[in-house]
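A.B. asks: Attaching a single structure in structure tokens format; questions to follow.
Please treat every number below as a calculation from the coordinates, not as lab data. All of these numbers come straight from a predicted model, not from anything done at the bench. Here the Cβ is made from the backbone with ideal geometry for all residues, glycine too, and neighbour counts use every protein chain on show.
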Amino acid sequence: MIHNDLIPLMVGVPLAGAFLNALLGRKLKGVPDLLGILCTMGTLFLGFVMLRLVNAHHVLLFEVGNWPPPIGIAMVVDGLTVFMLLTVNLIAFLVVLYSTNYMSRYTQKWQFYSLFMLMLAGMNGVIVTGDIFNLFVYLEIAAVASYALVAFGTERQELEAAFKYAVMGSLGSMFVLLGVVWMYAHTSTLNMADMAMVLRDGGSGEIVLLASVLFLVGFGLKAALVPFHAWLPDAHPSAPAPISAMLSGVLIKALGVYAICRLFYSVFGITWELSTILLTLGTVSMCVGVLLALKQWDMKRLLAYSSISQVGYIMIGIGIGTPLGILAALFHLFNHSVFKSLLFLGSGAVEYATGTRDLRKMGGLARRMPLTAGTSMAGSMSLAGIPPFAGFWSKLLIVVAAVQAGLYGYAIIAIVASILTLAYVMKMMRYGFLGNLPERLKGIKDVPAMMKLSMSLLALICIAGGLLLLPQVRELFLTDASKTFKAGTELAFRIMSEVR
Amino acid sequence: MSRERDPGMSLIVKTITRLTVGLILLFGIYLLLHGHLTPGGGFAGGVIIALSLVHVMLAFGKDKAFEVLSVSGAKALEGIGALLFLAVALLGLAWGAFFLNFVPKGEVFELFSAGTIPVSNIAIACKVGAGLFSIFVALVIMKHEPTEKE
């Protein structure tokens with residue numbers, strides 16, 4: 001374990017980008033694009049630097065203002081953190097590349113980038129912070145920015161979706177805040193590592209159980225697990241395409257899945273009951289999401305329901321709790337970020353060219369937009385789990401992990417859901433890109449260069465993503481992340497002993 | 001009757017406002033500058049400074065208030081406040097830690113003490129004051145907004 005000064009920059013760089021944009025971007029035309037690309041490139045680079053450091057030292061620690069924890073705020077970077085940081089910032093960078101062209105259709109580009117950077121700062125903050133109240137604050141930064149971004153088009157439907165999202169999201173945040181309050185009252189500390197130590201020394205009781213439920217509901221709302229999913233199918237399709245990609249690709253994972261993992265594995269310590277709850281929620285999400293996706297005709301809405309279903313897969317992997325299950329869940333998390341962003345960007349490209357999201361009004365777009373069709377095909381195949389695309393390997397691993405753990409029922413449900421996934425993906429490809437080109441769409445052109453570049457890069461990751469499982473590469477990226485789960489509350493002990 | 005010629009409220013309100021608004025502003029500044037010594041600070045000070053502007057707008061109408069602080073001025077001030085706060089935090093990083101209080105702390109209970117805290121307070125006051133004023137403007141005169149934007 002070493003101290004590292006780079007960690008606060010993960011939050012500082014996007015924050016600076018957001019406010020510089022607000023100050024300069026209004027007057028100078030090229031500034032928003034440039035700042036957006038530079039900031040996300042910077043955070044992505046920092047992510048890679050931290051990956052190197054974590055591989056060598058396992059845990060990086062930073063004390064804000066030189067105040068030692070548990071009094072001061074600590075920022076902690078371990079394998080899981082750096083895995084999430086790289087996923088989030090990679091997607092953010094590619095989405096910004098796409099936005100440089102796509103957002104030209106909207107006025108007020110600087111507002112878009114300001115909010116985007118704030119959301120990114122919030123997500124990075126949630127991931128790196130080691131303080132539970134700090135986590136709530138960053139959660140709110142990211143969430144409030146995302147409410148505004150969903151409403152960015154300011155059409156009636158978008159405003160309605162944003163309002164619904166804001167109400168549900170605030171409700172979720174309140175649950176989290178209430179959980180934080182109970183935990184603070186019970187343990188007298190807000191530092192997560194210190195809290196874990198207090199709980200381990202016999203501090204657990206009914207209040208901890210209550211707080212666990214509150215956190216599960218609050219973060220479950222952010223992750224759109226099934227009983228709490230109602231806002232997602234409205235909010236994600238209504239946002240501009242790059243924001244749909246960010247929300248479905250990384251926001252629900254950074255704010256929902258990551259926070260659940262961090263709290264229940266590293267602070268509370270996972271128990272059999274909790275794993276069962278996660279498994280059940282995951283299975284229900286997976287089935288409900290896939291069944292609802294089947295009957296959608298709005299391309300983005302279909303993808304939004306698919307996100308609910310795929311988060312279910314991730315939760316099953318985490319609920320299984322064996323090293324292989326965790327590894328599979330993390331790998332699927334990464335894959336889902338990539339292919340779902342790609343598909344949302346693809347649907348944005350289709351909307352950009354044809355002006356519609358209704359699958360019944362499309363058809364034969366592959367002839368007019370070959371690159372969009374090709375990249376969307378790669379994303380779809382990865383989503384449906386067709387070998388050799390990355391999604392196949394992660395789904396396979398989840399099923400294998402379930403079988404190894406003796407959970408045959410879950411394995412069978414996962415396979416059936418995967419077949420249904422193939423069905424709705426085929427529906428999307430069949431009605432959207434294959435078939436006959438309607439008369440109305442004869443004159444459309446493929447999208448501008450930067451959008452193509454971004455989609456091609458994502459498609460490339462979809463195809464080559466399976467390589468992450470090669471032993472040497474896995475050691476660097478995935479194994480370190482899954483070690484965090486294995487260490488559990490032991491991590492807290494290491495951090496606190498280092499501090500003292 | 002006199003509304004068309006003269007925006008704002010009645011003569012009584014205007015007179016009272018003219019007398020009190022300076023005091024309100026002064027109280028806001030006092031809370032802001034003594035943030036590290038007494039209860040209050042950047043947020044409370046910023047809110048009260050914004051309220052004095054809101055007061056002017058209610059009593060004299062929007063044009064008078066925009067003479068003091070225009071909407072674009074408020075937006076710029078908000079951005080500057082946030083950047084100043086971030087700059088203080090990042091400067092601390094150059095001395096060894098994010099948010100490190102790198103300026104000498106001085107004598108306790110003196111006005112010029114506590115290192116970077118007063119600077120951060122001023123930054124917060126800029127951000128909060130300008131932000132609150134913008135929100136008020138946006139809520140009160142929505143019709144005015146589209147002309148302000150490009």
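A.B. asks: Just to be sure I understand the model, the point goes 7 Å from the Cα along the line to the Cβ. What's the resulting A:Lys486 to A:Leu210 distance in nm?
C.D. replies: Here the answer is 3.8 nm between the modelled labels.
A.B. asks: Which of A:Glu206, A:Glu490 has the fewest other C-beta atoms within 10 Å, and how do the rest follow up to the most? Spell out each step's value before the answer.
C.D. replies: Details: A:Glu206 8, A:Glu490 14.
If I rank by nearby Cβ atoms, fewest first, I get A:Glu206, A:Glu490.
A.B. asks: Take A:Tyr184 and B:Thr38, extend 7 Å from each Cα along the Cα→Cβ direction, and tell me the distance between the two endpoints in nm.
C.D. replies: 2.7
A.B. asks: Sticking with this one: Provide A:Trp272, A:Trp110, A:Trp67, B:Trp95 in ascending order of the number of other Cβ atoms located within 10 Å of each residue's Cβ, fewest first.
C.D. replies: A:Trp272, B:Trp95, A:Trp67, A:Trp110
A.B. asks: Rounded, prolate or oblate: pick one for the protein assembly as shown, where a ≥ b ≥ c are the square roots of the eigenvalues of its C-alpha gyration tensor, a/c under 1.5 means rounded, and failing that, prolate if a/b is larger than b/c, else oblate. Don't skip to the answer; put the middle values down first.
C.D. replies: Details: a/c = 1.98, a/b = 1.27, b/c = 1.56.
Since a/c reaches 1.5 but b/c is at least a/b, the shape of the protein assembly as shown is classed as oblate.
A.B. asks: Grab the beta carbon distance between A:Lys29 and A:Asp201, set R0 = 45 Å, and tell me the FRET efficiency rounded to 0.05. Present the calculation step by step, with values, prior to reporting the outcome.
C.D. replies: Numbers: r = 59 Å, r/R0 = 1.31.
Working from the Cβ atoms, E equals 0.15.
A.B. asks: Could you tell me what percent of the DSSP beta bridges with both partners in chain A are antiparallel, to the nearest 5? Intermediate results must be reported in sequence, preceding the final value.
C.D. replies: Working: 7 of 9 bridges.
Antiparallel bridges make up about 80 percent of those DSSP assigns within chain A.
A.B. asks: Hey, which of these cross-link pairs are over 23 Å Cα-Cα: A:Lys395/A:Lys427; A:Lys300/A:Lys445; A:Lys164/A:Lys427; A:Lys164/A:Lys452; A:Lys27/B:Lys127; A:Lys295/A:Lys361? Each step should come with its number before you reach the end.
C.D. replies: Details: A:Lys395/A:Lys427 21 Å; A:Lys300/A:Lys445 21 Å; A:Lys164/A:Lys427 29 Å; A:Lys164/A:Lys452 33 Å; A:Lys27/B:Lys127 20 Å; A:Lys295/A:Lys361 16 Å.
In this structure, A:Lys164/A:Lys427; A:Lys164/A:Lys452 exceed 23 Å between Cα atoms.
A.B. asks: Points 7 angstrom from Cα along the Cβ direction at A:Lys442 and B:Thr15: gap in nanometres?
C.D. replies: That separation, rounded to one decimal, is 7.9 nm.
A.B. asks: Let me ask you something else. Taking the stretch B:48-143, which GluC sites (Glu not before Pro) meet the DSSP loop condition and have no more than 11 other C-beta atoms within 10 Å?
C.D. replies: Sites meeting the loop and neighbour criteria: B:Glu107, B:Glu110.
A.B. asks: Fewest to most neighbouring Cβ within 10 Å: what's the order for A:Thr479, A:Thr87? Intermediate values should be presented prior to the final figure.
C.D. replies: Details: A:Thr479 17, A:Thr87 26.
Sorted ascending by nearby Cβ count, the order is A:Thr479, A:Thr87.
A.B. asks: Here is a follow-up. Quick one: if the Förster radius is 56 Å, what FRET efficiency do A:Thr271 and A:Leu6 give, using the C-beta to C-beta distance and rounding to 0.05? It would help to have the intermediate numbers written out before the result.
C.D. replies: On the way: r = 35 Å, r/R0 = 0.63.
The calculated FRET efficiency here is 0.95.
A.B. asks: Sticking with this structure for a sec: With a cut-off of 20 Å, note down the residues of the stretch A:342-371 whose backbone N falls inside the zone around a label point 7 Å from the Cα of A:Lys295 toward its beta carbon.
C.D. replies: The answer is A:358-361, whose backbone nitrogens lie closer than 20 Å to the label point.
A.B. asks: Taking a spot 7 Å from the Cα of A:His57 along the direction of its beta carbon, which residues of the stretch A:116-132 have an amide N less than 18 Å from it?
C.D. replies: A:128-130
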